[in-house]
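Step one of this worksheet: look at the structure below.
Nothing in this text is a laboratory measurement; each read-out follows from the coordinates by a stated rule. Everything numeric here is computed off the predicted structure, so don't read it as measured data. Positions of Cβ are generated from backbone atoms using ideal geometry, with glycine treated the same way; all protein chains shown enter the neighbour counts.
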Amino acid sequence: MKKYKIGYTCGVFDCLHVGHLNLLERCKEMCDVLIVGVCDDRYVREIKKKAPIFIQEDRIRLLNALKVVDRAELVSIDETNDKMLALSRFHFDVLFSGDDWKGSERYQKTEEQFNPLGVSIEYLPYTSGISTSMIKDKMKIV
């Protein structure tokens with residue numbers, strides 16, 4: 001039996017790569033149902049200050065095709081930034097996040113909001129040696 005019933009993670013998932021797959025596989029190992037929030041194109045442009053390689057509909061389609069993802073859905077800037085909004089929409093019992101967020105002011109606040117509700121946060125390590133930014137840089141060289 002898995003530790004959690006419904007797990008949730010959120011990201012841009014642009015230029016899907018093995019680091020993304022490793023993250024999603026780790027998430028799925030810990031929950032029965034994995035929901036993936038896909039940041040909308042507006043979030044990528046306005047918050048990350050980057051142009052998405054693939055439009056939001058294509059990123060959602062790619063994630064929904066993976067057997068480790070039970071459901072991928074578009075999420076707004078507000079739902080990305082405020083995990084309580086994501087919780088009210090998706091009703092998860094665990095949020096999976098990169099370990100670089102652990103101890104940050106934003107996630108300390110989220111932990112305080114989640115604790116009375118019995119919702120956990122699992123911080124997972126990133127795959128070293130791969131990222132969308134690294135792929136984009138390599139493609140500029142070729």
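Assorted remarks:
- Considering only alpha-carbon pairs that sit under 8 angstrom and 6 or more positions apart, the relative contact order computed for the chain is 28 percent.
- Global form of segment 33-103, assessed from the alpha-carbon gyration tensor, a/c cut-off 1.5: oblate
- Shape call, the chain: gyration tensor on alpha carbons, a/c limit 1.5: prolate
- Near L85, once Lys and Arg are set to +1 and Asp and Glu to -1 for all other residues with Cβ below 11 Å from its Cβ, the sum equals -1.
- Peptides 112-121, 91-100, ordered by how many other C-beta atoms sit within 10 Å of their residues on average, highest first, read 91-100, 112-121.
- The count of lysine pairs in the chain with alpha-carbon distances below 13 Å, taking only pairs 8 or more places apart or on different chains, stands at 6.
- Per-residue [θ]222 nm for the chain (sum of -39500 (n - 2.57) over DSSP H runs n ≥ 4, rounded to 500): -11500 deg cm²/dmol
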